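The values are calculated or read from the model by the stated rules, or taken from the named source; none is laboratory data. Not measured: the values here are computed from a predicted model. Cβ placement follows ideal geometry from the backbone for every residue including glycine, while neighbour counts extend to all protein chains displayed.
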Amino acid sequence: MNRTKRILILAGIGAALLGSAAAIYFAHISPPARTTLAPVAQPEDSAPAPDPQPASSGLAGSSAGQKQAFLTFDDGPCKSTPELLDTLRENGVQATFFVIGLQAQKYPDALRQMAADGDVIGVHSWTHKYSYIYQNMQNFSADFNQLKDYIQQVTGVAPDVCRFPGGTSNTVSRHYSKDHIMQQAVSYVQSEGFQYYDWNVSSGEAAAKRPSKDEIVNNVLSQCQKRTVAVILFHDDDNEDYIQAVPQIIDGLRSMGFDFETLSPGNPDVSQYKSVQFAPQ
Ligand code: ZN
C-alpha cells in the first residue's frame, strides 16, 4: 500500500468516526418527541429543547445520585392542596409552589403548611391576569409586590424565586403592551433579588383534554430521561388525577437516580442549565 493510499484510508476512517460522533451528538441535543396529547390549555405548557450535557457529568443517566428533580406547582393553592401536601410529605419530598395571591388569600393555611413542611413558596402573580400585569411595569410591579409581601406576612419567609405567568417566553404579553415588557420584567425581578425559573419538563396535566394518571406519569418520566436537571411543571388547580400520579412519578424518578430539591437562587445553576430559563420575548 503506497503512502497516498494509506492517507486516503486513514482520512476515510476519520470522516466515518466524525460522522458517527456528530450523529450521536445531534441525537442527544435534538428536542424530545412532543406529546401527542390534546392541545394545551395555556402557554405555560411547552417544553424547550434539552440542555447540552455539562462537561463534568458525562452522559445523561450515567451518574446516578447527581441528578436533580424539582417538582413545581403553579397557580395554587386550592381545595386539593392539602391532599397534595400530604402526598409529598408521605413520600419525603419537598417541592416549590408558585402561588397566586387571590388563591392564597382563600387558603392561607396551605401556605403555612408548605412553609412548615420545608416547601418553597415562590411568587407567580397576585391576580394572574395577563391583561393587567403585562400592560405596563407599574401594574406588573404592584401585582408582584403585593404577593411577595403577602407570602412574607403569612409564612414569615421572604420569597426569592418567581415564575412569570405564561413563562418568560410568553408572547401573550405583547397583546397588552407595545414595549417588550418581559425583558423589563426580568430586569425588575432580578433587581429585587429574585431568581426566575421556567421549566424544562411539563406534566401536561393542564391540557384541555385532561390526560389520565398513567399519561401524566409517562409524560414526566419520558421527558426526564434526557435530563440531569429536571424542573417539572404541574398545576395545583383542583385536578386530583395528577395528585394520584405524584407517588409514581417520585418512585420513577428515584429509580432513574434523581434526588428531589427545591428551587432557590443559584440552584439549579441557570448558567449551566439554560433550559430552565426561557428567553424573554
Ligand atoms: Zn400560572
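State all residues of segment 102-122 that are buried (at least 20 other Cβ atoms within 10 Å of the Cβ) and touching a Lys or Arg at 6+ places or on another chain (Cβ under 9 Å); if no residue qualifies, say none. Steps first, answer last, please.
Within segment 102-122, the subset buried (at least 20 other Cβ atoms within 10 Å of the Cβ) is 103-104, 110-111, 114, 119-122.
Hit for segment 102-122 is Gly122, nothing else.
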Could you pull out the residue among Ala245, Ala185 that is in contact with a helix residue (DSSP H, G or I) (Cβ under 7 Å, 6 or more places away or on another chain), within 15 Å of the ligand (Cβ to nearest atom) and part of a helix (DSSP H, G or I)? Ala185
Looking only at segment 147-182, and only at residues there that are part of a loop (DSSP other than H, G, I, E, B) and surrounded by fewer than 16 Cβ atoms within 10 Å (Cβ to Cβ), the one that is modelled with the lowest pLDDT: Lys178
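Is it fair to say Arg112 is charged (D, E, K, R), in contact (Cβ under 8 Å) with a residue 12 or more places away in the chain and in contact with a Ser or Thr (Cβ under 7 Å, 6 or more places away or on another chain)?
Yes; evaluated as a whole, the condition is true for this residue.
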Having 2 or more residues that are within 16 Å of the ligand (Cβ to nearest atom), touching a His at 6+ places or on another chain (Cβ under 7 Å) and of a type in the set (A, V, I, L, M) is the bar; report the strands (runs of 3 or more DSSP E) wholly within segment 65-132 that clear it. 96-100
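Could you please let me know if Val231 is of a type in the set (Val, Ile, Thr), within 16 Å of the ligand (Cβ to nearest atom) and in contact (Cβ under 8 Å) with a residue 12 or more places away in the chain? Quick ask: steps written out before the conclusion?
Values: of a type in the set (Val, Ile, Thr): yes; within 16 Å of the ligand (Cβ to nearest atom): yes; in contact (Cβ under 8 Å) with a residue 12 or more places away in the chain: yes.
For Val231, the condition - of a type in the set (Val, Ile, Thr), within 16 Å of the ligand (Cβ to nearest atom) and in contact (Cβ under 8 Å) with a residue 12 or more places away in the chain - is met.
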What is the one condition in (1) part of a helix (DSSP H, G or I); (2) surrounded by fewer than 21 Cβ atoms within 10 Å (Cβ to Cβ); (3) modelled with pLDDT of 95 or more that Thr262 does not satisfy? (1)
